[in-house]
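This report refers to the structure that appears directly beneath it.
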């Protein structure tokens with residue numbers, strides 16, 4: 001039965017791909033890589049005398065914080081498509097862009113097979129980007145009050161269900177919603193606790209992204225949800241190296257009265273999935289983004305807002321990179337990038 | 001000058017490789033991958049009513065903890081070498097096995113180019129393997145006393161310097177020590193805070209490794225430092241799928257009176273670097289491992305302990321996978337695996 005469902009889903013992907021004229025990267029056959037590896041951007045030193053509360057490690061010392069881990073792969077071949085930087089959202093890591101919970105190819109590999117150098121990051125203080133135990137240890141040893149502990153939160157699946165628009169209320173799904181719910185237990189494992197709500201604005205990931213963009217030279221920054229606004233903040237800091245912005249269902253768009261000048265030369269897409277009108281929170285965010293797009297367009301920014309159902313792609317949740325039609329969405333996006341940013 | 005040092009180091013790597021008869025994988029030319037991706041092993045659900053202390057997220061809900069993130073690459077080609085599972089040590093993530101701080105190829109790519117499927121994990125509650133904010137939030141909201149906060153520690157570079165045997169005391173290095181200290185600021189960025197000292201024995205990474213070994217079917221588990229003992233604990237749980245054990249400078253070896261039966265069919269290597277005799281802590285650990293090896297050998301376990309200087313490889317710190325001669329060490333290890341475990 002599970003196998004039959006998988007086959008039906010694959011057929012549906014191909015069918016939708018045919019309908020929308022999107023070429024779906026095969027995902028079959030070997031992948032040839034010219035270079036791969038990892039490095040850090042950003043970060044600075046912090047000294048403390050409460051790094052440790054156990055005898056194995058000294059309490060005094062210096063650590064690095066606010067750095068951002070970057071993993072990259074550069075494909076072989078003559079097609080040299082533009083580099084992409086993929087930035088995950090709240091309570092997640094770069095795992096968002098890899099193998100889907102039901103075992104299909106992630107966007108990382110799809111775009112690689114389409115010729116793009118792909119850069120995946122873990123946001124500062126999350127995943128492989130280390131943080132600091134100091135605010136916790138100050139409380140543990142009595143130097144600070146318990147209420148000074150940072151906001152350190154996990155999104156439980158019951159509340160994430162609504163935020164991710166799997167359905168109106170856990171565990172009920174929207175009809176024809178495309179997230180592979182049969183694999184949800186694998187999906188919940190990719191969620192991690194999140195410090196970012198006690199980290200100030202902009203998040204330290206933003207200057208690190210700016211350093212990365214300047215290092216790559218010319219890249220499209222693709223952000224999602226919590227990180228949706230980061231590419232805009234990065235461009236505001238320094239537009240160098242930012243060839244395009246794709247903000248997928250941003251938690252917030254820039255305000256309409258923001259300085260639009262740094263964005264003027266940057267092709268920008270704000271992309272929403274399906275079922276937005278069934279969520280009060282997402283309807284409000286969509287409206288805010290529409291207000292930004294209107295103001296930005298008037299100021300000469302090449303920006304557009306697309307809701308996937310309007311281009312014939314249906315059923316997408318907030319986690320569109322993992323939905324059963326994830327490669328249809330990626331194919332559409334790849335075409336947008338080729339048309340609007342070029343190669 | 002930095003460029004000259006790099007060139008001299010590269011020349012030294014080639015020279016040492018020639019001396020020890022080790023083939024150093026070229027690391028040049030494209031890499032062809034049959035499959036790559038990521039998934040989780042282990043993990044279980046936890047319900048709580050203190051997941052969040054901010055209005056954006058509900059305090060009540062269910063999260064998954066103790067799961068272990070696994071990233072894999074399977075090389076193309078006719079040589080089908082045995083799969084390797086690489087397990088990092090304290091205060092680190094799988095980044096340990098990737099690009100070195102000075103930008104050379106990591107062990108992950110070296111072994112891939114030698115034909116091994118390579119599996120990298122982030123230990124439970126670290127990196128992309130999510131933990132729980134509950135013990136912190138219980139204190140923040142006044143449900144628990146500050147001294148119940150978990151031991152959550154960072155190793156400052158000053159104390160890590162001695163543990164990693166870069167030298168006798170920060171910032172003095174041992175003469176001819178091979179860690180690329182000119183790139184140390186990049187290295188310190190890969191260190192992360194570590195919950196594991198409040199997580200009990202065995203660490204939840206161990207049952208997850210057992211699940212992974214059974215899933216792969218036949219693999220060599222390569223552990224390091226804090227995780228040094230994990231493959232032994234995994235085999236004790238169930239030897240299925242464990243084709244070999246390589247424990248690099250374990251923080252502790254099994255006790256000599258442990259039940260040796262699960263280890264009997266498993267070729268095992270315990271590997272130490274250089275300068276051990278200059279560190280009291282490491283001399284003690286080496287002695288403990290020698291006692292284990294003696295008892296295990298007497299019980300018929302195919303185990304050996306090797307100190308790299310005794311096989312003509314000199315200068316290695318505790319972070320031998322990142323030292324300037326890291327690929328010489330990897331080449332020697334690759335030959336040990338081929339000879340003792342087979343393909």
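What are the residues in segment A:105-124 that are within 9 Å of chain B (Cβ to nearest Cβ) and either out of contact with any helix residue (DSSP H, G or I) (no Cβ under 6 Å at 6 or more places or on another chain) or closer than 17 Å to residue B:191 by Cβ (or both), if any?
Result: A:105, A:109, A:122.
Suppose we filter segment A:2-23 for residues that are surrounded by 20 or more Cβ atoms within 10 Å (Cβ to Cβ) and either at pLDDT 95 or above or assigned to a loop (DSSP other than H, G, I, E, B) (or both); how many remain?
1
I'd like to check something: does segment B:233-243 contain any residue that is free of Cβ contacts under 8 Å to residues at least 40 places away in the same chain, surrounded by fewer than 23 Cβ atoms within 10 Å (Cβ to Cβ) and in contact with a strand residue (DSSP E or B) (Cβ under 8 Å, 6 or more places away or on another chain)?
Among the residues of segment B:233-243, at least one is free of Cβ contacts under 8 Å to residues at least 40 places away in the same chain, surrounded by fewer than 23 Cβ atoms within 10 Å (Cβ to Cβ) and in contact with a strand residue (DSSP E or B) (Cβ under 8 Å, 6 or more places away or on another chain), which makes the answer yes.
Looking at (1) more than 20 Å from the chain's Cα centre (by Cα); (2) part of a helix (DSSP H, G or I), find the lone condition where residue B:282 falls short.
That leaves (1) as the condition not met.
Which of the residues spanning segment B:136-157 are part of a helix (DSSP H, G or I) and touching a residue at least 24 places away in the same chain (Cβ under 8 Å)?
B:137, B:138, B:140, B:157
For segment A:72-93, what are the residues that are over 22 Å from residue A:245 (Cβ atoms) and out of contact with any helix residue (DSSP H, G or I) (no Cβ under 7 Å at 6 or more places or on another chain)?
A:76, A:77, A:78, A:79, A:91
Just name the residue that is farthest from the other protein chains (Cβ to nearest Cβ) out of those in segment A:146-167 that are out of contact with any helix residue (DSSP H, G or I) (no Cβ under 7 Å at 6 or more places or on another chain) and more than 19 Å from residue A:320 (Cα to Cα).
A:154
Run down A:156, A:167, A:103 and say which single residue is in contact with a strand residue (DSSP E or B) (Cβ under 8 Å, 6 or more places away or on another chain) and surrounded by fewer than 21 Cβ atoms within 10 Å (Cβ to Cβ).
Selected residue: A:103, the only one of A:156, A:167, A:103 that is in contact with a strand residue (DSSP E or B) (Cβ under 8 Å, 6 or more places away or on another chain) and surrounded by fewer than 21 Cβ atoms within 10 Å (Cβ to Cβ).
With the condition kept exactly as written, say whether any residue in segment A:119-140 is over 30 Å from residue A:211 (Cβ atoms) and out of contact with any strand residue (DSSP E or B) (no Cβ under 9 Å at 6 or more places or on another chain).
Yes - at least one qualifying residue is present in segment A:119-140.
Can you find, within segment A:26-58, the residue that is farthest from residue B:281 (Cα to Cα) among those that are surrounded by fewer than 18 Cβ atoms within 10 Å (Cβ to Cβ) and more than 32 Å from the chain's Cα centre (by Cα)?
Ranking the qualifying residues of segment A:26-58, first place goes to A:49.
Give the number of residues within segment A:304-343 that are within 30 Å of residue A:176 (Cα to Cα) and not in a helix (DSSP H, G or I).
18
Does residue B:50 satisfy being more than 8 Å from chain A (Cβ to nearest Cβ), modelled with pLDDT of 95 or more and farther than 22 Å from residue B:209 by Cα?
Here the answer is yes, as residue B:50 does meet what is asked.
Which of the residues belonging to segment B:80-127 are assigned to a helix (DSSP H, G or I), more than 17 Å from residue B:33 (Cα to Cα) and free of Cβ contacts under 8 Å to residues at least 40 places away in the same chain?
B:94
Can you spot a residue in segment A:168-191 that is touching a helix residue (DSSP H, G or I) at 6+ places or on another chain (Cβ under 8 Å), touching a residue at least 24 places away in the same chain (Cβ under 8 Å) and more than 22 Å from residue A:249 (Cβ to Cβ)?
Looking through segment A:168-191, at least one residue is touching a helix residue (DSSP H, G or I) at 6+ places or on another chain (Cβ under 8 Å), touching a residue at least 24 places away in the same chain (Cβ under 8 Å) and more than 22 Å from residue A:249 (Cβ to Cβ).
So for segment A:183-198 (the condition being away from chain B (no Cβ under 14 Å), at pLDDT 95 or above and more than 30 Å from residue A:240 (Cβ to Cβ)), does at least one residue qualify?
No, segment A:183-198 has no match at all.
Can you go through B:59, B:55 and tell me which one is modelled with pLDDT under 95 and either in a strand (DSSP E or B) or under 30 Å from residue A:185 (Cα atoms) (or both)?
So the residue among B:59, B:55 that is modelled with pLDDT under 95 and either in a strand (DSSP E or B) or under 30 Å from residue A:185 (Cα atoms) (or both) is B:55.
The values are calculated or read from the model by the stated rules, or taken from the named source; none is laboratory data. Since the structure is predicted, the reported quantities are computational estimates derived from the model, not experimental observations. No Cβ is skipped: glycine too gets one built from the backbone with ideal geometry, and neighbour counts run over all protein chains shown.
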